[in-house]
Protein chains: 2
Amino acid sequence: CTVSRKREWALHGAPMFADLTVHELKAVRAYLHGIPEMALTDAKNKTLKKNSILLIELNLPRKHEALRALDRGQAKPPRQARVIIQFGNQNKPNITEYIVSPLPFPNSHVVKTFKEDRPVLFESRPITTVEYYHINNMLEKITTKAHKLLFETTGGFSFTNCSNRCLTFSDIAPRGLGPGERRTWIMLQKFVEGYFIHPVGFEVLINHQDLDPGKWTVEKVWYNTMYFDSVEELVEKYESGGVEKVKLPAHDDKDLFSTYIPRGQSNSPTNIHGPKLVQPQGPRFNTHDNFVEYAGWSFAYRVRSSAGLQVFDLRFNGERIAYEISLQEAIAFYSGDTPAAMQTKYIDAGWAMGSSTYELAPGIDCPEIASFVDLHHFFDTDKPVKHKNALCIFEMTTAMPLRRHFNSDFEGGYNFYGGLENTVLVLRTTSTVYNYDYIWDFLFYQNGVVEVKVSATGYIHATFFTPNGLHYGTKVYNYVLGNLHTHLIHYKVDLDIAGRENSFESIDLKFVNFTNPWSPKNFIVQSRLSRTEHKTERSAAFRFGKKFPRYVHFYNRNEENKWGHKKGYRIQFNSHAHSVLPRGWREENGISWSRYSLAVTRHKDSEATSSSIYTQNDPWEPVVSFEDYIRNNEDIVNQDLVAWVTVGFLHVPHSEDIPNTATPGNAVGFFLRPFNFFDEDPSLASKSTVIVRPGQDGNPEIQRWTPEVVGHCVTEEPFFYNGTYAGV
Amino acid sequence: CTVSRKREWALHGAPMFADLTVHELKAVRAYLHGIPEMALTDAKNKTLKKNSILLIELNLPRKHEALRALDRGQAKPPRQARVIIQFGNQNKPNITEYIVSPLPFPNSHVVKTFKEDRPVLFESRPITTVEYYHINNMLEKITTKAHKLLFETTGGFSFTNCSNRCLTFSDIAPRGLGPGERRTWIMLQKFVEGYFIHPVGFEVLINHQDLDPGKWTVEKVWYNTMYFDSVEELVEKYESGGVEKVKLPAHDDKDLFSTYIPRGQSNSPTNIHGPKLVQPQGPRFNTHDNFVEYAGWSFAYRVRSSAGLQVFDLRFNGERIAYEISLQEAIAFYSGDTPAAMQTKYIDAGWAMGSSTYELAPGIDCPEIASFVDLHHFFDTDKPVKHKNALCIFEMTTAMPLRRHFNSDFEGGYNFYGGLENTVLVLRTTSTVYNYDYIWDFLFYQNGVVEVKVSATGYIHATFFTPNGLHYGTKVYNYVLGNLHTHLIHYKVDLDIAGRENSFESIDLKFVNFTNPWSPKNFIVQSRLSRTEHKTERSAAFRFGKKFPRYVHFYNRNEENKWGHKKGYRIQFNSHAHSVLPRGWREENGISWSRYSLAVTRHKDSEATSSSIYTQNDPWEPVVSFEDYIRNNEDIVNQDLVAWVTVGFLHVPHSEDIPNTATPGNAVGFFLRPFNFFDEDPSLASKSTVIVRPGQDGNPEIQRWTPEVVGHCVTEEPFFYNGTYAGV
Ligand SMILES: [Ca+2]
Ligand SMILES: [Ca+2]
Ligand SMILES: [Ca+2]
Ligand SMILES: [Ca+2]
Ligand SMILES: [Cu+2]
Ligand SMILES: [Cu+2]
């Protein structure tokens, strides 16, 4: 099959992976709302006792069907939607998922089940705007009772009737201590710019399990290191002297603490724009809707509303390297001294991290030259929501050579100089999960390397300072503790190295010791490659805390490069991850993927994701449990393999996290690197190479395949290079 | 002391660290050549039995003297030169180092000794151009004897009289099996573009210890997996059928294998220039000779001819963070099946990696907007050698925010958006150590983070393919094996966190388990900070293969930030390093620093470097041995501490290393990250921040401190942002 035919088929297949259009989303909603038995009402309807759609997104085609289109140009399977409906208006409320098809004119729906037909606990559903509306109402009542306490504590802030001295709240998850619970610790904060780092020291546990908000209860209150069974108890003790009063320092509107407003000094000017990227001769990548080409690369992408960025059918020169690389989950597990702090175990797919893709600012979030793409999500809404400029694609220079060599003649001259600038295509979106902002990047290098990277920024999750809190974090403000936590991110990497049948090995080094063949009285000690083929899923699941092999290598035992080596790719980690809880400890069951830095499974359409939108609110008995995928310990030799990759880092907040965590040093991820996949470096296809040789006349002779002059935005001077180094 | 006074003193002191000028270098040479007893002759003089200067470079002032200038504005100590002289023209040849001063008008010289007055073995000196001249002569004789064999093997290549079918050679180190030896394995290669990966399968062991090249001998020859005691023996057996003849495939001049010449295909255009950096409003950093200022940073730099790039007196807003951060050594230890391959243990300071700083190409090695600086070296020369454009300094955008947050109101609007673009100042030089090119970067972020990074590129060190070689590498061409090796790089990081007296701790997490204070029938398990103060050098030396703590933290116990935390910095590794030989095994003694990913010592002027230019040729009993620095196991509490950092990676070559190793994924290093050093993120001083808030009229209101329009090279459009996301 020719490269151009392969390209045609890739382009033909890419729409299978495109997110649902506005039209499709509306059609699915209309179809379902037209089914009388479902009795659907608007999501925005204020009652909780209703049946309504929570989420609509693309349902991926089964892989073998998709491959018929991608590898043989056959017809694409019909497009389908995945829909989550919350049936609250019935005796036993439940959550049901449906597959609705065919799009854009749906006429059927079937129930989508989970492994072993596990039901989705109604209490495990994500929280909606309507539920927050009722929580807000309840907080109004609570804070009215505690008005004086709050007012005195904060020096004038209140939850209601507050103009510029308002309080707001943050809620914590999981919402309880076991399955079926729905009770949430909520902490109050000053509603100022950057309220996340303005806790006022008042936390309340609300039980909001009942679908009648009138039946919701306050179960506990925390104030100044003490617990109370009710707001009334706290207020009474506060008034009677039974509790020590906290008095925050007077609020200073000029204290810029939590804001972005510049202050401080700099040696050099910053009131002018710094270096910027330009494309003096236009873009060097192509896009057709969700299909992208750059250098030898092609791929399709989508942004799953439930969990975020995905890349499909990744090819280089038409040969597939991965069927899918996709974000699965992001968690941040905290420690602390307040009840909210010690309860916080954020599992962000449950906070709709895939649809928290807000607008990207040109020149800051992505360079000005980026292509910005709008995304549409249908989550907790009655019509599709457009997120303008929520994804960007751009090529950038890394200001570094991809390759270079100066070939000295060691006599003040040179045989040649060769170099190729390192440019990379970046596919980026972000998730702002409440306080935190994750920047999700896929980077495609000219030499067949892919980098998958997450950078963390945004506000830290902070709680009220107590002296005991110093065991769990850092004081970052008068009365604020930045709580220690670990970020872990999970990716699915369905490598298909030159075909579906792949094998997996790890490569280590072993010292060998033998008689020196040219000096038999001596010995030589050197390292030798030691390869271990991992034949089953269990043997290919690498626990944190155990030694990780030097190389992990996925290869196709039926395909060789020109020199007889199996075509392969390896995964190289750039991560400081570790486990966050003892294995099997309560919430840890919801994140069983996090036991492994790397696990390799046999591909199954039924094992599409390692987590779900329900894990946050039921991590104890999750409907999707990664451990299930390896429990049957299947044979993984010459099979369709999927690599599951966990990266992350420990974040002990420090003063420099104020106002926000900064990205330098806070990026983790992994590289997919060719390992004998090609016959030589595929970036040799780039005509941006420059070679300089000493000419006959002694002057350098420049060989290049790009225009001599870059252009007026960069320089009007042609490239120059001399190569010699001489005595002076 | 005010910030402006501190800046003045930093600027005043920076020249102490500036490399010697051409004038100074010449003055030192003239002074020494004027001393009759030294009987110095030209380095280029063809005899080996001579006294001549090998190297002249700046001798650093003692730290306490330098600090008087830097911290109190006092007079700078006189400038001094360090000179290495090889005394070959005497009964017992020796190497002696001198300190020559004061510059630029020297009038004194004193011998500089090593620990315990260890003598420098004459045989441990680096090899010079003159010695190569004699090796070349010897190879001419050898290859003349083996002319027919070589000609037949290579299909027409020869060492002499060869026009466009020439052979060249590469020599391997160390040069022998123990101290005092000087015998080198040399392999022949086709002299074509990229000869490093054209071994022809002929290796010869030359003993060149005698200063009379006429007495040099051939000790062994290797051809087609067999060893011979002489060239004659090989030739005889070759002719008589006692050895199987190798016949390389006919040389194909059109085979571009080892060259940079483009070939292959790409989906998207590469014959135009890709994205480039511009400075639409001019540079945002200042330089005064070797003194640089950027954002809050200031530092001085130099490029030591012996070992490379160094940064001194690193400050942020006038407060010192490090006195010195400097490259010490770079090694690559190989494995293989041929004698040259199994002997190769490159220790690059012995190959003058500090003076192998060749010209940087604008637009490839550094962006076009970089400031390029010439360097001068005096190594194996009779006059200073100017390396034009050998260092560059530039600011770049990382095309990524330093910080950003989108503060949603969860109703389709937002409270505010804030963002600051991530730009960074890069200080770069390279070392081309024969086949390999290292790119040495220091990156200074706006938020007080420093990144130290080395990227590897250039040609792999390759040897002749044998089937047994596959245990030690990868076949990358018909008859070529890319040999596995490990790169390790050593840095000295003399942190001075707000003063000289610092302490060191590691921070880990420990699970705690206690009764849930708000639900006593339940337990809470969470992580708690566990700090270990390391009080002695031994306890602060972290061996490879042992567990490394989550955080390593250097702090000043006498200085606190605004919130009462000790001012500190931590080192965050980005590395895949491991030990290369068993501890104490022969050559491993020369690289005892490589036992530790991190070691912390008490500062001593006498422990300025962890390696020396002599280690390569005597790794067995090195004159500078890092292990000595920690052997006395000094107290390191509240002392002037130095962190010694080892980074690196295993390199198993693969087809994609042809023609050159590419930088993506082949960069390692470390971050220095503030940890409660500041009161808040110091990048708040940047006026490049942009804040967007919804205005009264519903339109976004943009608050910024930089011009609204970037300029014609980037965009004539003002910044735009909307912030809302709405149903459609
Ligand atoms: Ca399985
Ligand atoms: Ca697969
Ligand atoms: Ca010591
Ligand atoms: Ca120090
Ligand atoms: Cu964090
Ligand atoms: Cu290498």
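Given the criteria outside any strand (DSSP E or B), surrounded by fewer than 22 Cβ atoms within 10 Å (Cβ to Cβ) and on the phi < 0 side of the Ramachandran plot, does A:K383 qualify? It is true that A:K383 is outside any strand (DSSP E or B), surrounded by fewer than 22 Cβ atoms within 10 Å (Cβ to Cβ) and on the phi < 0 side of the Ramachandran plot.
Considering the stretch B:471-504, and only residues there that are within 26 Å of the chain's Cα centre (by Cα) and among the hydrophobic types (A, V, I, L, M, F, W, C), the residue that is nearest to ligand 1 (Cβ to nearest atom) turns out to be B:L484.
Look at (1) of a type outside the set (D, E); (2) more than 16 Å from ligand 5 (Cβ to nearest atom); (3) more than 19 Å from B:Y434 (Cα to Cα) and you find that B:N666 fails only one, number (3).
Within the stretch A:248-268, can one find any residue that is part of a helix (DSSP H, G or I) and either at negative phi or within 11 Å of chain B (Cβ to nearest Cβ) (or both)?
No, the stretch A:248-268 contains no residue that is part of a helix (DSSP H, G or I) and either at negative phi or within 11 Å of chain B (Cβ to nearest Cβ) (or both).
As a summary of the residue check, B:Y477 satisfies the conditions (1) within 11 Å of chain A (Cβ to nearest Cβ); (2) closer than 30 Å to B:Q639 by Cβ except for the one numbered (2). Taking the stretch B:623-656 only, how many residues are at the interface with chain A (Cβ under 7 Å from one of its Cβ atoms) and either among the basic types (K, R) or in contact (Cβ under 8 Å) with a residue 60 or more places away in the chain (or both)? The number of residues fulfilling the criteria is 4. Within the stretch B:637-668, the residues that satisfy the criterion of being β-branched (V, I, T) and part of a strand (DSSP E or B) are B:V642, B:V645, B:T646, B:V647, B:T661, B:V668.
On the given criteria, is B:N502 touching a residue at least 60 places away in the same chain (Cβ under 8 Å), of a type outside the set (S, T, Y) and within 16 Å of ligand 3 (Cβ to nearest atom)? In short, yes. All of (1) closer than 18 Å to B:F464 by Cβ; (2) buried (at least 17 other Cβ atoms within 10 Å of the Cβ); (3) within 37 Å of the chain's Cα centre (by Cα) hold for B:L234 with one exception: (3).
Taking the stretch A:578-611 on its own, how many of its residues are of a type in the set (A, V, I, L, M) and either within 16 Å of ligand 5 (Cβ to nearest atom) or without any contact (Cβ under 8 Å) to a residue 24 or more places away in the chain (or both)?
Matching residues across the stretch A:578-611 total 1.
Taken residue by residue, the stretch B:155-168 has at least one member that is of a type in the set (S, T, Y), without any contact (Cβ under 8 Å) to a residue 24 or more places away in the chain and in a strand (DSSP E or B). Only residues that are within 24 Å of B:G201 (Cβ to Cβ) and part of a helix (DSSP H, G or I) were counted across the stretch B:120-154, and they come to 20. Note on the stretch A:397-454: among residues that are more than 7 Å from every other protein chain (Cβ to nearest Cβ) and free of Cβ contacts under 8 Å to residues at least 12 places away in the same chain, the one that is surrounded by the fewest Cβ atoms within 10 Å (Cβ to Cβ) is A:E411.
When B:V130 is tested against (1) within 18 Å of B:H33 (Cβ to Cβ); (2) within 14 Å of another protein chain (Cβ to nearest Cβ); (3) within 26 Å of the chain's Cα centre (by Cα), exactly one condition is not met: (3). Number of residues in the stretch A:7-61 that are of a type in the set (D, E) and surrounded by 17 or more Cβ atoms within 10 Å (Cβ to Cβ): the value is 3. Among the residues of the stretch B:455-470, write down those that are on the phi > 0 side of the Ramachandran plot and either more than 8 Å from every other protein chain (Cβ to nearest Cβ) or within 16 Å of ligand 1 (Cβ to nearest atom) (or both). The answer is none; no residue qualifies.
For the stretch A:329-359, filtering for residues that are more than 14 Å from every other protein chain (Cβ to nearest Cβ) and among the charged types (D, E, K, R) leaves 2.
A quick yes/no check of all residues on (1) at the interface with chain A (Cβ under 9 Å from one of its Cβ atoms); (2) of a type in the set (D, E); (3) touching a Leu at 6+ places or on another chain (Cβ under 7 Å):
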{"position": "B:T270", "(1), (2), (3)": "yes, no, no"}
{"position": "B:L277", "(1), (2), (3)": "yes, no, yes"}
{"position": "B:Q281", "(1), (2), (3)": "yes, no, no"}
{"position": "B:G296", "(1), (2), (3)": "yes, no, no"}
{"position": "B:A300", "(1), (2), (3)": "no, no, no"}
{"position": "B:F312", "(1), (2), (3)": "no, no, no"}
{"position": "B:E319", "(1), (2), (3)": "no, yes, no"}
{"position": "B:L327", "(1), (2), (3)": "no, no, yes"}
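Take the residues of the stretch A:657-682 that are hydrophobic (A, V, I, L, M, F, W, C) and more than 7 Å from every other protein chain (Cβ to nearest Cβ): which is farthest from ligand 4 (Cβ to nearest atom)? Looking at the filtered set, the residue picked out is A:F677. Could you please find all residues in the stretch B:362-381 being facing chain A (nearest Cβ under 7 Å), farther than 17 Å from B:D437 by Cβ and among the charged types (D, E, K, R)? B:E368, the sole residue that qualifies.
When B:N207 is tested against (1) closer than 30 Å to B:A370 by Cα; (2) at pLDDT 95 or above; (3) crowded, with 17+ Cβ neighbours inside 10 Å; (4) out of contact with any helix residue (DSSP H, G or I) (no Cβ under 7 Å at 6 or more places or on another chain), just one condition goes unmet, and that condition is (1). With respect to (1) under 42 Å from the mean Cα position of the chain (by Cα); (2) among the hydrophobic types (A, V, I, L, M, F, W, C); (3) assigned to a loop (DSSP other than H, G, I, E, B), the lone exception for B:V218 is condition (3).
The values are calculated or read from the model by the stated rules, or taken from the named source; none is laboratory data. Nothing here was measured: the structure is a model prediction, and the numbers come from that model. Don't worry about glycine lacking a Cβ; one is built from the backbone with ideal geometry, like all the others, and counts go over all protein chains shown.
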